[in-house]
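Reviewing the structure listed below.
The values are calculated or read from the model by the stated rules, or taken from the named source; none is laboratory data. These figures come from a predicted structure and were not determined experimentally. Every residue, glycine as well, gets a Cβ built from its backbone with ideal geometry; the counts of neighbours run over all protein chains shown.
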Amino acid sequence: MQLPLQISFKNLDPSEAIETSIRKHAERLDRFSERITGCRVAVAAPQRRRRKGRLYSVSIDLAVPQHEIVVNRAPQLDHAYEDIQVAIREAFNAAARQLEDYARRMRGDVKVHPAPPHGRVKALFASEGYGFIESSEGLEIYFHKNSVADGAFRQLNVGDEVRYVVQEGESTKGPQASTVIRIGKHHIREPQTRPS
């Protein structure tokens, strides 16, 4: 870490053992990213007077280039947080996950899922029970009314967006969809490529 670790306590007396534990956890964060420029950790107990059943909360604020990672591990009646070491460990585990995600984004390693095949209904022949889809690549794909999910063939209109699965082997009418699903209000987005 480029800046010193800052530790604060609220409703709790400072403890060398707790500080040592926090320092060890903070040092481990460097293996996820060498770009951490600062780390502030706040440990809090809800009330000073109560001796049993105190649930500790731990907040971590990490500074990295162009971003800030904030973790607030406030116990929601989870009795594991009566152990301050558990609260510290869980907060640093959450910080490590966020730091890994940040490092992946910075390297451009974010997973991109290809869009499923999709297109628009180009033509419908309702009385014959079939139609054609124009794919996003401009191909014409035949489909039969039985391939439309949920028996929704009669609800299709020319221009409706659909997802489809192309059947292996072509029919006499060319590529054929074995499954057609009307997209409705949900639109499919093409994966975005990042400029190099």
Please go through the stretch 106-151 and give me each residue that is free of Cβ contacts under 8 Å to residues at least 24 places away in the same chain, at positive phi and part of a loop (DSSP other than H, G, I, E, B), ordered by number.
GLY138
Looking at PRO114 and the list (1) within 30 Å of VAL162 (Cα to Cα); (2) modelled with pLDDT of 90 or more; (3) not basic (Lys, Arg), which single condition is not satisfied?
(2)
From the options ALA94, ALA177, ALA103, residue that is over 30 Å from LYS24 (Cα atoms), of a type in the set (Gly, Ala, Ser) and not in a loop (DSSP other than H, G, I, E, B):
ALA177
Selection from the stretch 30-43 of residues touching a Phe, Trp or Tyr at 6+ places or on another chain (Cβ under 9 Å) and either at pLDDT 90 or above or of a type in the set (Asp, Glu) (or both) yields VAL41, ALA42, VAL43
Selection from the stretch 152-167 of residues of a type in the set (Val, Ile, Thr) and not in a strand (DSSP E or B) yields VAL158
Can you tell me how many residues in the stretch 123-159 are out of contact with any helix residue (DSSP H, G or I) (no Cβ under 7 Å at 6 or more places or on another chain), among the aromatic types (Phe, Trp, Tyr) and surrounded by 15 or more Cβ atoms within 10 Å (Cβ to Cβ)?
3
Of the residues in the stretch 160-196, those that are at pLDDT 70 or above and surrounded by 10 or more Cβ atoms within 10 Å (Cβ to Cβ) number 19
